[in-house]
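The values are calculated or read from the model by the stated rules, or taken from the named source; none is laboratory data. All of these numbers come straight from a predicted model, not from anything done at the bench. Backbone-built Cβ (ideal geometry, glycine too); neighbour counts: all protein chains shown.
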Amino acid sequence: MMRKFVVALFALTLLAGAPAAAHAGAFTDFGPHFGFSSGPSQIVIGGHLEIVDVAPDVDFVPSVDLGLGDNTTLISVNGDLHYRFHLQGQRWQPYAGAGVGIHFFSFDHLGPGVDNSVTRAGGHFIVGADVPTKTGSRFFTELKLGFGDGPDFKALAGWSFRLH
């Protein structure tokens, strides 16, 4: 039941994000991110692209993560939507959102001759904030709280650089 819900949510996010992304134009930002996750406990590194303002104050942020540790290698392909909040006089800009992901697990401890990989779908709720840097990029931190068959929790930090 939960798997069908997450797969349907993933499809709806892609269907909703794709026309808006096409209308908004090409990706405007890109960058690396890093952090850690729980469930499985891993070090996470990855990269993201960003299309700002696919709707007023809404950004489409697809990403790819590589998780290492806990006798598991995990590759996640994510599609996230962020809603930006505007606070008067603050340099940090908070955002909240949600996303879905397809997760490719490879288990290192099952031994030879055992199928040690599985693909799962999951979703996550997101809270974060970013701040402009002196070089014109943006530094961000975010938390992702997972549901379905993905990581339970991710804490990430990274940078976004303008493409033009």
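Structure above, values below:
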{"item": "Test: residue in region 125-136 that is surrounded by 15 or more Cβ atoms within 10 Å (Cβ to Cβ) and touching a helix residue (DSSP H, G or I) at 6+ places or on another chain (Cβ under 8 Å)", "result": "no"}
{"item": "Tally, over region 85-107, of residues that are surrounded by 12 or more Cβ atoms within 10 Å (Cβ to Cβ) and not aromatic (Phe, Trp, Tyr)", "result": "11"}
{"item": "Residue in region 107-118 that is hydroxyl-bearing (Ser, Thr, Tyr), part of a strand (DSSP E or B) and farther than 19 Å from residue 32 by Cα present", "result": "yes"}
{"item": "Search result, residues across region 9-54 that are modelled with pLDDT of 90 or more and farther than 18 Å from residue 67 by Cα", "result": "28, 29, 30, 49, 50, 51, 52, 53, 54"}
{"item": "Members of region 47-106 found to be more than 16 Å from residue 127 (Cβ to Cβ), of a type in the set (A, V, I, L, M) and over 14 Å from the mean Cα position of the chain (by Cα), listed by number", "result": "52, 54, 55, 68"}
